1. Would it be correct to say that residue 85 is touching a residue at least 24 places away in the same chain (Cβ under 8 Å), assigned by TED's automatic domain parsing to the domain that holds residue 43 and among the hydroxyl-bearing types (Ser, Thr, Tyr)?
2. Just for the range 18-46: of the residues that are more than 20 Å from the chain's Cα centre (by Cα) and among the polar types (S, T, N, Q), which one is surrounded by the fewest Cβ atoms within 10 Å (Cβ to Cβ)?
3. Applying the selection to the range 223-245, what residues are touching an Asp or Glu at 6+ places or on another chain (Cβ under 9 Å) and surrounded by fewer than 16 Cβ atoms within 10 Å (Cβ to Cβ)?
4. Of the conditions (1) in a loop (DSSP other than H, G, I, E, B); (2) at pLDDT 95 or above, residue 161 satisfies every one except a single condition; which number is it?
5. I'd like the full set of residues that are of a type in the set (A, V, I, L, M), under 17 Å from residue 229 (Cβ atoms) and either out of contact with any Leu (no Cβ under 9 Å at 6 or more places or on another chain) or in a helix (DSSP H, G or I) (or both), limited to the range 250-279.
6. For the range 220-228, does any single residue satisfy the condition of being assigned by TED's automatic domain parsing to the domain that holds residue 115, assigned to a helix (DSSP H, G or I) and out of contact with any helix residue (DSSP H, G or I) (no Cβ under 8 Å at 6 or more places or on another chain)?
7. Hey, can you tell me all the residues within the range 80-109 that are surrounded by 13 or more Cβ atoms within 10 Å (Cβ to Cβ) and among the small types (Gly, Ala, Ser)?
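The values are calculated or read from the model by the stated rules, or taken from the named source; none is laboratory data. Please read all numbers here as calculations on a predicted model, not as lab measurements. Please note: Cβ atoms are built from the backbone with ideal geometry, for glycine as well, and neighbour counts cover all protein chains shown.
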Amino acid sequence: MELAMQRKIGKLKKEDQGRLVLSCPNQPGIVAEVTRFLYEREADIIQIEQHMDEHFFLRVVFQCDQFERRIEEIRQQFAPIAESYEMQWRMVSAARKHRLAIFVSKEGHCLQDLLWRFQTGELEAEISMVISNHADLKPLVEPYGIPYYHVPVTKETREEAARIHMELLEPAKIDTIILARYMQIIPSWMTQRYRHQIINIHHSFLPAFAGAKPYHRAYERGVKMIGATAHYVTEELDQGPIIEQDVKRVDHRYSVEDLKRIGRDIERIVLARAVRWHIQDQVMVDGNRTIVFSGI
């Protein structure tokens with residue numbers, strides 16, 4: 001059954017696929033109402049996932065003939081249902097690609113991994129620009145034909161640099177910002193503007209070793225595991241909702257440089273997973289935690 005479904009999905013046109021994600025107070029009848037609504041519009045449900053606690057969370061992937069063309073009409077028709085259940089919701093076309101801006105400093109491993117996944121088609125998004133406070137990684141980006149903007153940042157010029165960033169981001173209609181080892185603090189007004197749309201990779205298994213030089217501090221503590229954490233950026237440094245984490249076992253024989261080397265591999269994988277889940281609408285924020293659906 002699962003194999004047959006995967007084959008069916010592979011034949012579907014992206015233009016005919018939609019995703020509906022929602023959260024609301026938990027109450028009876030939500031799934032029945034949503035599925036009835038889709039049935040009445042001759043939509044086939046490809047996947048449906050839900051989670052319940054005090055709130056109800058739902059993600060539905062469906063096929064609907066000419067959905068991309070009809071999306072505004074269908075959104076308007078669903079709005080009264082959403083209002084009656086006090087839903088926070090979004091309905092999107094699977095054909096629409098997120099527009100990404102990647103922020104980096106001098107470490108290029110996460111950037112290089114995302115560029116490779118973009119080139120191979122694994123990352124179904126558009127990398128619209130790369131922004132850095134250093135010029136070092138420009139030669140890495142240039143072969144991809146992606147604009148690279150060097151915006152120097154100091155503690156004294158952080159606000160001015162952020163305003164320059166916004167002058168680049170807004171005309172490009174950027175959906176999501178990826179901090180791929182961008183070693184600068186994002187001003188709070190900017191995190192509010194892109195609430196739950198800025199993803200950071202932190203080189204430790206948060207909440208352990210938040211802030212600077214986590215590998216050095218991990219070495220000093222003699223930890224037996226190191227890890228990486230992808231999370232949404234909030235006003236509090238390294239405290240935003242966690243999307244994905246992974247770890248690797250280490251021991252007393254590992255130097256700080258060994259920890260960094262192993263950590264770079266973990267960082268690449270964790271960030272790539274988080275970005276993929278985010279752009280496929282698999283992540284829902286619940287306070288300071290996330291619900292991450294398996295997705296297809």
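1. Details: touching a residue at least 24 places away in the same chain (Cβ under 8 Å): yes; assigned by TED's automatic domain parsing to the domain that holds residue 43: yes; among the hydroxyl-bearing types (Ser, Thr, Tyr): yes.
So residue 85 fits the description; yes.
2. The selected residue is 27.
3. Pass one, the range 223-245, residues touching an Asp or Glu at 6+ places or on another chain (Cβ under 9 Å): 224, 227-231, 241.
Selection gives 224 alone.
4. With respect to (1) in a loop (DSSP other than H, G, I, E, B); (2) at pLDDT 95 or above, residue 161 is out only on (1).
5. 259, 262, 266, 269, 270, 271, 272, 274, 275, listed by residue number.
6. In the first step, residues of the range 220-228 are kept if they are assigned by TED's automatic domain parsing to the domain that holds residue 115; the result is 220-228.
Now drop any that are not assigned to a helix (DSSP H, G or I), which leaves 220-221.
With the extra rule that they be out of contact with any helix residue (DSSP H, G or I) (no Cβ under 8 Å at 6 or more places or on another chain), the set shrinks to 220-221.
Within the range 220-228 (the criterion being assigned by TED's automatic domain parsing to the domain that holds residue 115, assigned to a helix (DSSP H, G or I) and out of contact with any helix residue (DSSP H, G or I) (no Cβ under 8 Å at 6 or more places or on another chain)), the answer is yes, since at least one residue qualifies.
7. 82, 93, 94, 95, 101, 105, 108
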